[in-house]
Amino acid sequence: MKKTKRKAFNFLRSYFDVVNKLQTDEDKLSFLMAIINKQFLNEDPEELKFPVDLAYDSQINAIDSSVKGWIRASKVDLQGKPQDTPPTPSKGKTQSNPKEEEEEEKEKGEYTLSDKQKFLSWFNKRRTEYLKIPSHCNTWSRNDIANHKELKRDYTIEQFEKAMKSFCKDKFYLDSNNILPNYFLQPEKFVKFLNAYNSNKAIQPKAGDPTTW
């Protein structure tokens, strides 16, 4: 029996939607077992067949975020080994010590003020563009700071653009007037919006926008 310290994970609606697009029971089982093994054992799937590989890749942001979040909150890996450092980042990404990074940015006088101004300027510009109404959001809480730092370590500006476009189309948030930065910056919600982006056309930062935060 494979050992894991994790008791449960959220089975997202997007997993359900994707599995129902697969044609055979074999492919569906392969997709579901890939998610289960990653969530409970942090094992990456090997040699998935097409289209299972494509289906799994479409959900990798949500899956990775869930695993990292559990490890970060539990301070142990999925087998119970204590974790003194954040989980290993995805391929091609480097990850610095968050405390060292924060101190370095504070010394430069850039962190709270600069990140707030850059992000909120971008957020208001996109909200105005997509919703066709003026936007003057200026809230920036401690949770926003922490969530923003976490997201910008794991995601690119292109992924922020995609998530924002989906966020401004979400009927729940439009109806409840919750088009605010703190909703967008919550990691689980951010991943939801990123996965909801269905276009294959990459969105590039526009002229005058920051290329990083």
> Does segment 200-208 contain any residue that is surrounded by 13 or more Cβ atoms within 10 Å (Cβ to Cβ), within 27 Å of Ile60 (Cα to Cα) and at pLDDT 80 or above?
Replying inline: no
> When segment 136-163 is examined, which residues are found to be under 13 Å from Lys116 (Cβ atoms) and in a loop (DSSP other than H, G, I, E, B)?
Replying inline: Cys137, Asn138, Thr139, Trp140, Ser141
> In segment 43-61, which residue that is outside any helix (DSSP H, G or I) and touching a Ser or Thr at 6+ places or on another chain (Cβ under 9 Å) is surrounded by the fewest Cβ atoms within 10 Å (Cβ to Cβ)?
Replying inline: Lys49
>> Out of Phe31, Phe9, I need the residue that is more than 16 Å from Lys192 (Cα to Cα), at pLDDT 90 or above, crowded, with 16+ Cβ neighbours inside 10 Å and out of contact with any strand residue (DSSP E or B) (no Cβ under 9 Å at 6 or more places or on another chain). Which one?
In response: Phe31
> Scanning segment 12-27 for residues that are touching a residue at least 40 places away in the same chain (Cβ under 8 Å) and assigned to a helix (DSSP H, G or I), which turns out surrounded by the fewest Cβ atoms within 10 Å (Cβ to Cβ)?
Replying inline: Ser14
> Of everything in segment 111-161 that's acidic (Asp, Glu) and under 25 Å from Asn61 (Cα atoms), which residue is surrounded by the fewest Cβ atoms within 10 Å (Cβ to Cβ)?
Replying inline: Glu158
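The values are calculated or read from the model by the stated rules, or taken from the named source; none is laboratory data. Just so it is clear, the structure is predicted and the values come from calculations on it, not from any experiment. Quick reminder, even Gly has a Cβ in these numbers, built from the backbone with ideal geometry, and neighbours come from all protein chains shown.
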